[in-house]
2 protein chains.
Amino acid sequence: MTGRIIIEDLRPRTPTGRYPAKAAVGEGVPLSATIFKEGHDVLAAQVTLVPTGPQGPNGVKRRVELGQSQAAPLTLVNPGLDRWEVVVTPEVLGLHHFVVEAWTDRQGTWAKKTKAKVDADQDISVEIAEGIALFESRDSDDPALRAALAGLKEGLVALALVTPLPGPQGAPDLTASEPNTLWVDRARALFSAWYELFPRSYGGFKGAEERIPAVAGMGFDVLYLPPVHPIGVTERKGPDNTLGAGVDDPGSPWAIGNSDGGHTAIDPGLGTFDDFSHLLATAAEYGLEVALDYALQCSPDHPWVHEHPEWFHHRPDGSIAYAENPPKKYQDIYPINFWPGDDADRIALWEACKDILDFWLGKGVAIFRVDNPHTKPVAFWEWLIGSVRAEHPEVIFLAEAFTRPPVMAKLAEVGFSQSYTYFTWRTEQEGPDGLRAYLEELTGDLADFMRPNFWPNTPDILSGPLRNGPPAAFAGRLVLAATLSPSWGMYSGFELCENEPASPANEEYRHSEKYEIRTRNFDQPGSLAPLAASINAIRRKHPALQRLRLTEFHKTDNPLVVAYSKISDDGGDVMLMVVNLDPYLPQWSILDLDLAVLGLPASEPYSAVDELSGETFTWVGNHPFVRLEPWVRVAHVLHLPDARPPLPGTAPAAEAP
Amino acid sequence: MTGRIIIEDLRPRTPTGRYPAKAAVGEGVPLSATIFKEGHDVLAAQVTLVPTGPQGPNGVKRRVELGQSQAAPLTLVNPGLDRWEVVVTPEVLGLHHFVVEAWTDRQGTWAKKTKAKVDADQDISVEIAEGIALFESRDSDDPALRAALAGLKEGLVALALVTPLPGPQGAPDLTASEPNTLWVDRARALFSAWYELFPRSYGGFKGAEERIPAVAGMGFDVLYLPPVHPIGVTERKGPDNTLGAGVDDPGSPWAIGNSDGGHTAIDPGLGTFDDFSHLLATAAEYGLEVALDYALQCSPDHPWVHEHPEWFHHRPDGSIAYAENPPKKYQDIYPINFWPGDDADRIALWEACKDILDFWLGKGVAIFRVDNPHTKPVAFWEWLIGSVRAEHPEVIFLAEAFTRPPVMAKLAEVGFSQSYTYFTWRTEQEGPDGLRAYLEELTGDLADFMRPNFWPNTPDILSGPLRNGPPAAFAGRLVLAATLSPSWGMYSGFELCENEPASPANEEYRHSEKYEIRTRNFDQPGSLAPLAASINAIRRKHPALQRLRLTEFHKTDNPLVVAYSKISDDGGDVMLMVVNLDPYLPQWSILDLDLAVLGLPASEPYSAVDELSGETFTWVGNHPFVRLEPWVRVAHVLHLPDARPPLPGTAPAAEAP
């Protein structure tokens, strides 16, 4: 049965409500609820956020900290929709729950009713008696209160000043919501800049280590390595995904395992565990954290194939089925059967998968990019991530699930910290597949539990304007990725504007680094490394760019010019990006800025400081003119120091009829 | 933990999922769910709808009928969003639950994979062996099957023909959803036409009875009477809501109770219980069902005031507080305190409120229009409606909750069958307060549990174009109400275009019938009774107008011309309405019909039969021209006999990337 007061639709939450929503340490999280009761009484409400520690593999919650569990008062931010909200900043890692409580504010109700009567010149003698009864039990000897009551018409405001809002103590209709849960990650789960490279193209770990100063110099803070394990020889793929690899062909790193070992071994060609540790240490010196690939599949030569044939699919002829999605064939990879008929086999397999993560956690790795999680059972991920986080709440999982929206969202719901997205294919401004619609989707309900990581390219995907595209195409996509999403990533070669597709119909790269060594000269004129460095530096300087929720698109009169703003948690930092989506021609637009959202004056001048160029523009009104020549610059990344945006909680919406 | 297969977001459902969604006997209800598993297997799914009888006051479910519990196969209607659906038509009144089950279709998976290989000219010898293993355990001696397997490339289609889709029996990954609940009302809860009149203006029940043939002649099927109880004398309101009523002033029927009795008594001026029964019987003869007002408030002279002072709010001076919403005062009404301090008092009060309904149910009344339910606790309604329906699942409750959207929706969620809406104030086509946006809201998620009842006027509300408006304003609002919503209602006098507001600022009528007797001459030239009769006859003839969900607005090039279509459950009936929103001037528009939604040919002629005028238009393409002169006609109500709309379940949407 419903409570005395209705308290519903607590946010943040996941679609089913059965998993924790997500936040990060230091992130301003809007906790909100719909709260009402019958009639016209004034309500009061508060929310209590309690850290309960990580959740164990069997759902056991351990309470690790109670000092954080202070109640925060909620504000009625939308009276017409009975929506209450407060922004709370978690400081403790791990699982939290939050409960909203509401009660009738008898003093506020009395004041509202009495004021309405005073305003209408109606008799308030009974209200005075009610007011005395209401207050005297609390503070009847307070001379200020008595004076205020005596001269009530003039004293109503004074009364509100001298009597603090009563808390829920003793409220006869104090009602508590059902609790919601919130998982608090470390800050990097929300705000991160990834750089991907194949160590073997640099001669292994030692060579890759030499790239670290340059990668750190571009401002990245996560260095992601494709699988570093021994690579199968059976059906090894040659250049451009061909069969019949030559003896010198290195094969795909995702064909994991050979006689040298499987997921807990290192390809001897890359170096030793000592080399790996040295790489991690050097990376840490430069502020870079190394992320490993977690690809749960085996080459036909992986030790598991012989030791645990029960973990694989067998065909009628007794052979193990290689991976295929007809007509595509992956002869060098055996998929794992995550749900063998015998449940003991399943448990042993799942534990073995967890052992891999525990092994690399022991080596100092706490970020994993998970290969194709949508081809493994959702229940497996729920168990695995929950089990790992029970002991290691700091671990970050990035889901590479380029699949249908419900599947992508579900993987986020059951625990993945970040997700690759459809950003790569969102290249227009408008329409259902445009950037504006996609950001609205990502910054809406999804933002409660799914964190996008925008990659303009990956070793698998060279798409849209990048295909045979000019440098301005790369620069534009870089700026979009890094300023639309708090987390973004780049696969090496992007900064050199590598643009050759495998074929007109194929989204892969020609001479894909997945199948061959690629050496590069990074000191080329025209490299986008300086742009990446600038953008990443601007991201660090501006908290607005470190958050997802307060993103707003502004209208332009040219579909090829996109304008969007970001606002920091506290409203103290406001950025406006204007990007030319056309990498070939100059485009211009009269913008139609939503000054109310930005908190800018309608008719007084304000500054727009381009953090890329250093220029300062002085604009008046909501219609600045912008022209972007792609060979000069593809974007403005503007700081608006005069903006004072109204934060949620301060601007009530209009009442419904 | 999630199941082997993910089965989520079952629809219909209420926002919290803790109350039954709504359907009506004979209504085609789309039951749907998001269903997927990892990888590329083909799935199959079914839903089972089980009547479980009404839910008792303590949540006890009584299973009354199992014959209905047949499983219906679900169809993948939106592959890109993994959405499955089937339309099911309930036949039994009361509470149902429904469960979705899904499993891997091994045969379908095999056929899809094998066909892809055949299409790519790949070797399928292993697939043939797999196919034999898959089929031979089921039907190995079937010569057709053996022949099909032998010549597989040619026989693949034949194979699909000879082997029916296997059911869930033996599927190792058969997974069941959590159950949703569905409350099935009688048909009139969804499709109804209400007429409201004050019997006292006709001399009481006998005089009102004489109006029944005319009301039935206009095609209405519910006759709603404001409160019929004795009216208080203390602080009785005079004409136009004034204080100091004269001895002959009848007072507001909502000031319920005097020395003649309270909510279970009849105002002697209206007649006797026998007269009331006679009225009901005559109404029934004419296909009209009488609805009573359920207004839980008391005049100062109500017996409860003396017998149960504990059910009222007392002020410091000992008086009982009359109703007020400052600066408004309702001196003739005492609101009830639904949550007295002593819980025994609360229980006695709630039971007494239920006794009122049981009393009138005993008199043959099964529809109640509930006055201001939003000023009483939600928990009270949840208990009351659940308790009444445990014994009387046929009872219909219409909520008069002109309040904020979350409150209106919550009352629907906890049990109200129908709701008054904001229709009265939705007079424009576009914008957030326009008809299009409002219908999108009502036909979206809300349609799962909230049924609108559109009233162009009520005794409390004369608004928008009706205020001092011409007959065309009334005709237009009538057509809109009756063709946008399956349930609509009219307060008597509307057909006479009574248009005089209480004041320029006041939404009430001048000489409001709430405070005085109003006699009318219904046989006036220009009466809209014939229009009401036509529209209600068209509603009965066309199933499309009896449903809410499949409503679609079509673009027009004139904001004053609105066009919308309705489609019946089975797609066999399609109606297109075109209405002039301007009651003063002719308006014309080139329509922009969505032919795909309507299932009309793009370039061949099709008919549009105006059921109001009898004309048949022959149109070609999506741009018919329409001109509406308000003094001739305000609307086309068109039957589209050539329309063959694609129903949900037959037109898969595009896949996501």
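A few points about this structure:
- Counting only protein heavy atoms and a 1.4 Å probe, the range B:381-484 has 23 square angstrom of accessible area per residue.
- Positive minus negative residues near B:P645 (Lys, Arg vs Asp, Glu; Cβ under 12 Å): -4
- Inter-chain neighbour count for A:3-9: the average number of beta-carbon atoms from partner chains within 10 Å of each residue's beta-carbon is 4.
- Per the accessible-area calculation with a 1.4 Å probe, the total area buried between chain A and chain B rounds to 4800 Å².
- Relative packing of peptides B:503-509, A:424-430, B:288-294 - highest average C-beta neighbours within 10 Å first: B:288-294, A:424-430, B:503-509
- For B:P73, label point 7 Å along C-beta direction: distances to other copies, nm: 6.2
- Across the copies of the chain, B:D557 has label points (7 Å from Cα along Cα→Cβ) spaced 2.3 nm apart, shortest distance listed first.
- Take B:H278, move 7 Å from Cα toward the beta carbon, and the resulting point lies 10.9 nm from the same point in each other copy, nearest first.
- For chain B, the mean residue ellipticity at 222 nm estimated from helices alone is -7500 deg cm²/dmol, where every DSSP H run of n ≥ 4 contributes -39500 (n - 2.57) and the total is divided by all residues, rounded to the nearest 500.
- Taking other residues whose beta carbon is less than 13 angstrom from the beta carbon of A:A23, and scoring Lys, Arg as +1 and Asp, Glu as -1, yields +2.
- Only Lys, Arg (+1) and Asp, Glu (-1) charged, at Cβ; the protein assembly as shown dipole about Cα centre in debye: 240 debye
- Per-residue mean of foreign Cβ neighbours for B:502-510 is 0 (Cβ atoms of other chains, 10 Å radius).
- Protein-only accessible surface at a 1.4 angstrom probe places the residues A:Y515, A:Y584, A:Y195, B:Y202 in the order A:Y584, B:Y202, A:Y515, A:Y195, largest first.
- Looking at the range A:555-615, the accessible area is 38 square angstrom per residue; that uses a 1.4 Å probe and ignores ligands, DNA and RNA.
- Accessible area of the range B:256-318 divided out per residue, in Å², using a probe of 1.4 angstrom: 41 Å²
- Dividing the Cα radius of gyration of the range B:379-537 by 2.2 N^0.38 Å, with N the residue count, gives 1.12.
- Residue of chain B whose Cβ sits closest to the axis mapping B onto A, with distance in whole Å: B:G17, 4
- Shielding by partners for peptide B:39-45, expressed as the average number of C-beta atoms from other protein chains within 10 Å of each residue's C-beta, is 2.
- Cα-based shape type of the protein assembly as shown, given that a ≥ b ≥ c are square roots of the gyration tensor eigenvalues and the cut on a/c is 1.5: prolate
- Within the accessible surface of the protein assembly as shown, defined with a 1.4 Å probe on protein heavy atoms only, the carbon and sulfur portion equals 53 percent.
- Comparing the full protein assembly with the isolated chain, the residues of the range B:404-425 losing at least 10 square angstrom of accessible surface (1.4 Å probe) are B:R404, B:P405, B:P406, B:V407, B:K410, B:Y422, B:W425.
The values are calculated or read from the model by the stated rules, or taken from the named source; none is laboratory data. Computed from a prediction, not measured in an experiment: that's the story for all the values here. Ideal geometry is used to build each Cβ from the backbone, glycine not excepted, and the neighbour counts take in all protein chains shown. Please note that ligands, DNA and RNA were not included when accessible areas were found on the heavy atoms of the full protein model with its side chains. Shrake-Rupley method; radii C 1.70, N 1.55, O 1.52, S 1.80 Å.
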